[in-house]
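The values are calculated or read from the model by the stated rules, or taken from the named source; none is laboratory data. The structure presented is a predicted model; accordingly, all values stated were derived computationally and were not measured. As a convention, Cβ positions derive from the backbone with ideal geometry for all residues, glycine included, and neighbour counts pool all protein chains shown. Only protein heavy atoms, including side chains, enter the accessible area calculation; ligands, DNA and RNA are left aside. Shrake-Rupley method; radii C 1.70, N 1.55, O 1.52, S 1.80 Å.
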Amino acid sequence: MNSKARSLLLRFGLGLLTLLLTIAALWMLSRALYPTDRQLAAVALMQSNDAPPGRNAFPAVWTLERAVPEGEMAEVVRRDAHMLDQQPVIGGSDEPFEFESSAQDYPGLVPSVADQGLFCQSSSPGCIQRVRADLQSYRELVDRNRELLDRGEALFDYDYLHNLLPPRMAGPLPAFGSSRYLPTRHALWFVEGQTDRALAASCNAIRGWRRLAASSDMLLSQLIGQAYATRLHGAVLAEMLTELPLDHTLPSACASALVTPQPQELSLCSAMRGEYALSASIMQAVETNARVSETGITAFMSRFFYSARATNAENAEFMARSCSDEALQEIASDSPQADPPEPLGVLRLACLGNFIGCLLNGIAAPAWSSYRLQTQDYGARLSLLGTLLEARTRPGDDPATAAARVRQRLAKLSNRQRDYRLGADERSIEVAQFR
């Protein structure tokens, strides 16, 4: 080998060594600098999830489909939580996630498939008309499922809804679906002439779901509660009001049930804390599983290109924005544009020591902004429902006065983002939704 070739080879070797040393130095710097103090503060914020005062509805929701006495519900949840603790956070393909609640020891209350098809659905308007068209069948339907409906009604005696089970990637879900049947009973009462009882029950259900949704630390239950409050119970209440004289006095429960929502009620903060707890558990399990993997490359990649601590800290910083004053201001202004910034790409110092974590956070991030818009739409529907109260006449009023109040309220609600307006027939009110 001549001297020129040796010189080129030497320079190439020195360049490669310099590059490797530089990468190693940047890798160590990445591991030293991240997570940042700001990210760790966000972790502390997202891990702060103290329960509100009062009674937790979770045991009642968890056991809704079984005839578990109220005094035994908490014990069922405790046993189920213990069983789930024995399951891995992430189940492998050769290790299916199997779970059977201890509530299975009690009689079942789930309606038959035929009965489920008879109950009113949020996707099918005209609940009162359906009940009136086949009154006897609906009397029998409600009577057959009386215990389940009573247990659904009892959910509104609780103050908040916090998950009491350990986070699991493929964990079981509470029986939210079996709490959707109540409006049919309320419609039956209304058709039978128990008008004020039906109105009070509908308004109490709206108020109850609003309270549980706003306090929930589970995104799923927050979204379901919001849908039940407006698209289900709210829709049936609206049907009732269209059939009543304008001067019919509404039960006192309706005023509080239809009060205009404040930004805090529409915040995703509590739900995001629950989502963060699940995500953090999964990310930690990914690291733990990889480090004990029999595949050497998996353990190597995890050790040098993945950090659950850094991944969770970056995710916390992103999710904590839902708990900020800025987020509340955006909800108050009903802005659809200011979506939370998604985590940046992988070409940055933070990702040199946590490349896999940056990829995982980038995949999970985009969905959250759509949930915020969905929740703002829920607030708009609540405001629209509240406008129905303005259509009621008061002593000495005439219909024209009530109509003027409706127009004034719709004008007051309208802003640069949404237009609350009368329908073309001037017998309906409507608002455009972001989602």
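General remarks:
- For the stretch 28-130: rounded, prolate or oblate by the Cα gyration tensor [a/c cutoff 1.5]: prolate
- Probing with 1.4 Å while keeping every protein chain in the model, the per residue accessible area of the stretch 146-196 equals 36 Å².
- Hydrodynamic radius (Kirkwood) for the chain, which is based on Cα pairs only, to one decimal in Å: 25.1 Å
- Carbon-plus-sulfur accessible fraction, the chain (probe radius 1.4 Å, protein heavy atoms only): 57%.
- Here the mean projected area of the convex hull built on the C-alpha positions of the stretch 199-324 is 10.0 nm².
- Accessible surface area normalised per residue over the stretch 293-435 is 52 Å², counting heavy atoms of protein chains with a 1.4 Å rolling probe.
- Convex hull volume of the Cα atoms of the stretch 195-250, normalised per residue: 61 Å³.
- Net charge of Cβ neighbours under 14 Å - reference P59; Lys, Arg +1; Asp, Glu -1: -2
- Rounded to the nearest 10 square angstrom, K4 shows an accessible area of 150 square angstrom against a 1.4 Å probe.
- The mean sequence separation of alpha-carbon pairs under 8 Å and at least six residues apart, normalised by the residue count of the chain, gives a relative contact order of 17 percent.
- Paired Rg and Dmax values of the stretch 264-405, which use every Cα atom, in angstrom: 22.8, 83
- Given charges at beta-carbon only (K, R positive; D, E negative), |dipole| of the stretch 274-417 in Debye: 320 debye
- Scoring 423-429, 413-419 by mean Cβ neighbours within 10 Å over their residues and listing the highest first yields 413-419, 423-429.
- A simple packing score, the average count of other Cβ atoms within 10 Å per residue, orders the peptides 123-131, 217-225 as 217-225, 123-131, with the highest score first.
- Solvent-accessible surface (1.4 angstrom probe) belonging to S215, in square angstrom, nearest 10: 20 Å²
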